[in-house]
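Single-structure report; data block below.
The values are calculated or read from the model by the stated rules, or taken from the named source; none is laboratory data. It should be emphasised that the depicted structure is a prediction, and the values quoted were computed from it without experimental measurement. Ideal geometry is used to build each Cβ from the backbone, glycine not excepted, and the neighbour counts take in all protein chains shown.
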Amino acid sequence: MSRTNFQELLDAGVHFGHLARKWNPKMAPYIFDQKNGIHIIDLHKTVVKIDEAAEEMKALAKSGRKILFVATKKQAKDVVAEKATEVNMPFVTERWAGGMLTNFPTIRKAVKKMSTIDKMKEDGTFEKLAKRERLQVDRQRSKLEKNLGSIRDMSRLPAALFVVDVQKEANAVKEANRLNIPVFAMVDTCCDPTSIDYVIPANDDATKSISCILNVLCAAIQEGLEERKLEKDKEGAAAAEAEGEAKPAAEKKLRPRKAKAAAEEAPAAEPVAEPAAEEKAEEKAEEAPAE
């Protein structure tokens with residue numbers, strides 16, 4: 001069953017491509033027609049591609065892995081930040097720091113530095129610094145928050161990337177390709193789709209178009225997260241039930257052992273001593289009649 005509504009895509013202007021003279025021939029399979037010098041994207045193919053991407057993203061979310069959303073262009077950054085926050089996924093909307101994936105340990109150090117500054121403010125160390133030092137630390141903290149604040153909880157490399165505008169985010173795509181991280185992307189008619197694993201042919205310049213596609217993808221991610229939560233709850237209930245059944249069985253096994261232990265601990269009955277042979281002979285002589 002299709003997740004995507006064709007009419008919604010049409011209303012959002014997802015079908016509008018770039019100027020025909022700026023097109024990339026590799027996008028030819030996704031182009032429906034040309035009108036007034038502008039390429040028109042085939043929305044039937046877009047629907048299929050969105051549904052494929054949505055199913056894959058749902059599976060990733062269900063397995064507990066993270067998808068990093070990347071969109072630094074003005075039209076996309078606010079929408080991407082809002083939608084990614086709703087599904088608790090990391091995002092980059094300011095500037096792609098070189099080596100964010102290929103040099104991930106260094107990025108983690110910068111994030112730890114930000115946490116250290118926060119700790120200084122909490123324990124009062126920050127107030128002991130000179131005024132000039134405090135200003136420098138504040139500026140450093142603001143810069144780190146702006147560039148890395150959205151990925152501070154990302155303790156390991158993401159399972160996938162979602163990119164808006166392949167040309168603008170070329171560095172992010174290159175790093176993901178180098179590390180074999182799958183890339184989902186909105187690809188316009190002027191872009192090269194060969195480096196993208198899950199191509200979504202769509203208008204990547206209009207906020208409405210970006211928002212429309214993100215609504216479908218984030219809804220799929222939310223489904224995956226909910227299914228994961230239900231599975232965990234079921235596993236927890238099953239484990240508790242199994243533990244409850246195992247307890248009486250263990251008690252039954254312990255009862256005979258306790259009885260046996262009690263029997264072993266009880267003092268043994270003293271045996272009745274047999275009368276000596278001489279005493280028996282005397283008793284017989286006394287009982288015999290005198291001649």
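Determine whether the range 159-177 contains at least one residue that is over 21 Å from the mean Cα position of the chain (by Cα), in a helix (DSSP H, G or I) and exposed (fewer than 12 other Cβ atoms within 10 Å of the Cβ). No: the range 159-177 contains no residue that is over 21 Å from the mean Cα position of the chain (by Cα), in a helix (DSSP H, G or I) and exposed (fewer than 12 other Cβ atoms within 10 Å of the Cβ). The criterion of at least 2 residues that are touching a strand residue (DSSP E or B) at 6+ places or on another chain (Cβ under 6 Å) and either surrounded by 15 or more Cβ atoms within 10 Å (Cβ to Cβ) or among the hydroxyl-bearing types (Ser, Thr, Tyr) (or both) is met, among strands (runs of 3 or more DSSP E) falling completely within the range 1-100, by 31-35, 38-41, 67-70. When the range 175-229 is limited to residues that are of a type in the set (Gly, Ala, Ser) and in contact (Cβ under 8 Å) with a residue 60 or more places away in the chain, the one that is farthest from residue 12 (Cα to Cα) turns out to be 176.
Listed here are the residues, each with its yes/no results for (1) within 11 Å of residue 201 (Cβ to Cβ); (2) touching a Leu at 6+ places or on another chain (Cβ under 8 Å).
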| site | (1), (2) |
| --- | --- |
| 27 | yes, no |
| 31 | yes, no |
| 38 | no, yes |
| 48 | yes, no |
| 56 | no, no |
| 60 | no, no |
| 64 | no, no |
| 72 | no, no |
| 80 | no, yes |
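Inside the range 123-156, residues that are among the β-branched types (Val, Ile, Thr) and under 20 Å from residue 103 (Cβ atoms) make up a count of 1.
Within the range 151-168, residues that are touching a residue at least 40 places away in the same chain (Cβ under 8 Å) reach partners that are outside any loop (DSSP other than H, G, I, E, B) and of a type in the set (Gly, Ala, Ser) with beta carbons closer than 6 Å, at six or more positions or on different chains, in the pairs 161/176; 163/185; 164/76. When each of 121, 131, 146, 113 is tested for being more than 30 Å from residue 180 (Cα to Cα) and surrounded by 12 or more Cβ atoms within 10 Å (Cβ to Cβ), the lone residue that passes is 121. Based on this model, can you work out whether residue 197 counts as buried (at least 21 other Cβ atoms within 10 Å of the Cβ), within 24 Å of residue 43 (Cα to Cα) and either of a type in the set (A, V, I, L, M) or modelled with pLDDT of 90 or more (or both)? Taking the combined requirement at face value, the residue does not satisfy it. Scanning the range 48-101 for residues that are at positive phi and either at pLDDT 95 or above or within 18 Å of the chain's Cα centre (by Cα) (or both) yields 64, 88. Please verify whether the range 120-137 includes one or more residues that are out of contact with any Leu (no Cβ under 9 Å at 6 or more places or on another chain), assigned by TED's automatic domain parsing to the domain that holds residue 216 and more than 15 Å from residue 169 (Cβ to Cβ). No, there is no match, as no residue in the range 120-137 is out of contact with any Leu (no Cβ under 9 Å at 6 or more places or on another chain), assigned by TED's automatic domain parsing to the domain that holds residue 216 and more than 15 Å from residue 169 (Cβ to Cβ).
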